[in-house]
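Bear in mind these aren't lab numbers, they're just calculated from the coordinates by the rules spelled out. All values derive from a computational prediction rather than experimental measurement. Quick reminder, even Gly has a Cβ in these numbers, built from the backbone with ideal geometry, and neighbours come from all protein chains shown.
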Amino acid sequence: MKHLVTAGLLGAIIAAGSSAPMTANADEMMDNTTVENRKMLMDGIGGAMGTLGCYLKGQCDLPDPVVRNLANGIAFAATAAPDAFEPKTMDATVKTTANENIWANWDDFSARFPVLKDAALAMAAAAGDKSAMGAAMGNLGKSCKGCHDEYRTK
């Protein structure tokens, strides 16, 4: 019986030791997925901004509904972003340009997304009026730049 208890304890110790790396790998995989999702969200905003910029510079033509959809997409992403960024991803190994100031200054960081959303909705409302869109794009760009300057590593 004593040998069974010893064998059982040894088995439990081995099992516990072998599960630790799996937990670490699981945390890394979850954090990597979270970071990748954040990157896709922000890339979507960047792509929409680039396309709107192309339109406003006269380098491409877009119908007004597409302009509205791009701007509304930015607004939607701004709504989703705080939840996407809230989890700290300490075990992530995926490269990212997000810096630690995000979590150190969470209240400031997360408060910037409603401003971005409002600027994007103003852009959507201005669709069809290039003069109004220019002013809206300026506000939208300032919102992006302000956050990038503070919370993005170059």
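Dividing the mean sequence gap of close Cα pairs (under 8 Å, 6+ apart) by how many residues region 29-151 holds gives a relative contact order of 33 percent.
What is region 70-154 by shape, rounded, prolate or oblate, if you read a ≥ b ≥ c off the alpha carbon gyration tensor as root eigenvalues and call it rounded for a/c under 1.5, prolate for a/b larger than b/c, and oblate otherwise? Because a/c hits 1.5 or more and a/b exceeds b/c, region 70-154 counts as prolate.
Through the Karplus equation 6.51 cos²θ - 1.76 cosθ + 1.60, θ set to phi - 60°, convert the phi angles of region 52-68 into ³J(HN,Hα) values in whole Hz; use x for Gly and Pro. Rounded to whole hertz, the list is 5, x, 4, 5, 5, 7, x, 8, 8, 10, 9, x, 3, x, 5, 4, 4. Cβ-Cβ distance of Lys142 and Met30, R₀ of 30 Å, FRET efficiency by 1/(1 + (r/R0)^6): the value works out to about 0.30. What is the local net charge at Gly73, summed over the other residues whose Cβ is closer than 14 Å to its Cβ (Lys, Arg +1; Asp, Glu -1)? The answer is +1.
Taking amide H positions as modeled 1.01 Å from N, with prolines and chain starts lacking one, the residues under 5 Å from Ala98 and 5 or more places away or on another chain are Thr153. About the centre of its Cα atoms, region 29-151 shows a dipole size close to 380 debye [charges on the beta carbon of Lys, Arg (+1) and Asp, Glu (-1) only; nearest 20 debye]. Distance check, please: which entries in Lys39/Lys130; Lys88/Lys145; Lys95/Lys117; Lys117/Lys142; Lys57/Lys142 exceed 20 angstrom between their Cα atoms? Correct reply: Lys39/Lys130; Lys88/Lys145; Lys95/Lys117. Couplings 3J(HN,Hα) of region 69-80, computed from phi: 5, 4, 5, 5, x, 5, 4, 5, 4, 5, 5, 7 Hz, in residue order, whole Hz [Karplus 6.51 cos²θ - 1.76 cosθ + 1.60, θ = phi - 60°; x for Gly and Pro]. Give me the net charge of Asp149's neighbourhood, meaning all other residues with Cβ under 12 Å from the Cβ of Asp149; Lys, Arg count +1, Asp, Glu -1. So the surrounding residues net to +4.
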